[in-house]
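Laboratory data are not the source of any read-out in this text; all were calculated from the coordinates shown. Small disclaimer: the values here were computed from a predicted structure and weren't measured. Here the Cβ positions follow ideal geometry from the backbone for every residue, glycine too, while neighbour counts run over all protein chains shown.
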Amino acid sequence: MNPLKGIHHVTAITSSAERIYAFFTHVLGYRLVKKTINQDDINTYHLFFADEEGRAGTDMTFFDFPGSVPAINGTDVIQRTAFRVPDDAALDYWRLRFETYAVVHEPIKTLFGVKTLFFEDFDQQAYALVSDQNDTGVASGQPWKKGPVPDDVAITGLGPVFIRVSRLDRMHQALTDKLKMRAAGQEGTLHRYEMGEGGNGASIIIDDQPGLPKARLGHGAVHHVAFRIEDKTELETWMSHLNVIGANHSGLVDRFYFKSLYTRLYPEILFEFATEGPGFIDDEETVETLGETLALPPRFRPLRDQITTLVRHIDTTRSDQDYIKETKEVLERGKR
């Protein structure tokens, strides 16, 4: 059984598809690469933000469940999603950018030898930016070339995913014995695990917090994290492995853009295995127009008229727009 290759995607819940689109597009400069529906609930948008071409390992996705309640922070929850930037100097740019756009953030700190900047969005969804300056692990993606953030400081992919737990021993067993990850260090209550080539794009950071109350899922929380595997053959191998260890799972689920397998190897935490492809560039959208139409997998296309009446229109056309690259100098002038 080949090791997991890294983080594939993270899926979270937002209170507003419109606001999360604006936040990722205009503030984070991260590209919307697919505007589609939640395939398990066609009343709900599923938005995918990723690098220039929507590569696996770069996408964070959002459901906007109508009437969702705010999440309650606590333990036994996927607590924070990190994004990769090229180097330490990029974090200085982002600190200025967050100040300019009034984004709540913390001072830059060092975790496991990596410069890190914590921040949050309007739902208090927790994120981090991590520097790739000394990273030698799994490669990241590419910046969104037409976006508002200069390429040399732009977000290029997903970094470590932070999970807060009440039973470190049980999560350690899930990650090492069942998912074949390796322990890679400890700082205080934080424990780092790596898979595949390791590095920022192939890490999980577990926060040991047994004394906190249980978290509650809602908008502002992460729904699940997915791990990268090569193809359907590997997916079936992992399915067999889960059968052998007696773990409940979903079986193969064809999401069209990738194939998936879901399991809970620790209570309350949903893990997904997802294939590298085929990806988001398909018969409906070219690389130039990714994320601009309401894209539907083939099995939902006969229902397009019905779905169009269920989900409100959101204008996500950007191919006819020219963003000004907001350099550090531009941001500083705007603050005067």
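Summed over the range 17-60, residues that are in contact (Cβ under 8 Å) with a residue 60 or more places away in the chain, part of a loop (DSSP other than H, G, I, E, B) and over 20 Å from Thr286 (Cβ atoms) total 4.
Is it true that some residue in the range 175-185 is among the charged types (D, E, K, R), part of a loop (DSSP other than H, G, I, E, B) and surrounded by fewer than 22 Cβ atoms within 10 Å (Cβ to Cβ)? Within the range 175-185 (the criterion being among the charged types (D, E, K, R), part of a loop (DSSP other than H, G, I, E, B) and surrounded by fewer than 22 Cβ atoms within 10 Å (Cβ to Cβ)), the answer is yes, since at least one residue qualifies. Determine whether Val161 is β-branched (Val, Ile, Thr), under 30 Å from Ala17 (Cα atoms) and out of contact with any Phe, Trp or Tyr (no Cβ under 7 Å at 6 or more places or on another chain). In short, yes.
Across the range 263-295, the number of residues qualifying as buried (at least 20 other Cβ atoms within 10 Å of the Cβ), closer than 21 Å to Leu32 by Cβ and in contact with a helix residue (DSSP H, G or I) (Cβ under 6 Å, 6 or more places away or on another chain) comes to 0. In the range 257-280 there is no residue that is in a helix (DSSP H, G or I) and without any contact (Cβ under 8 Å) to a residue 40 or more places away in the chain.
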